[in-house]
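The values are calculated or read from the model by the stated rules, or taken from the named source; none is laboratory data. Since the model is a prediction, treat every value here as computed from it, not as a measurement. All Cβ positions, even for glycine, are placed from backbone atoms using ideal geometry, and neighbour counts span all protein chains on display.
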């Protein structure tokens, strides 16, 4: 994934947004479609991303390219060969971020 990974936690105007191809996330969500219906469709609209730290990728959809800070209402854990991803979802079920669980604890200062 492109985009600079910060060496500390960042937010708001400090986020360095970049274009994202969500294909790998979409395929993983399709493999888990029984547990998380429509997640692959929702991830396919995420076309912008920014690293908040070295283990958390904030997402923005293609309807305006910005994240609405509504908070996390649910989390979908997508497993694949021990490389689990936690996809944070807002109240409407839209993905707002992905945590790469194998990278925990976060190494950002």
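Computed quantities for the displayed model
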item: In the range 92-102, the residues that are within 18 Å of residue 59 (Cα to Cα) and within 15 Å of the chain's Cα centre (by Cα); result: 93, 94, 95, 96, 97, 98, 99, 100, 101
item: Inter-residue pairs, beta-carbon under 9 Å, first at positive phi and in the range 19-47, second at pLDDT below 90 and assigned to a loop (DSSP other than H, G, I, E, B), 6+ apart; result: 38/93
item: Among residues of the range 70-88, those that are within 15 Å of residue 39 (Cα to Cα) and touching a residue at least 40 places away in the same chain (Cβ under 8 Å), counted; result: 5
item: Number of the exception - residue 36 against (1) surrounded by 15 or more Cβ atoms within 10 Å (Cβ to Cβ); (2) over 13 Å from the mean Cα position of the chain (by Cα); (3) modelled with pLDDT of 90 or more; result: (3)
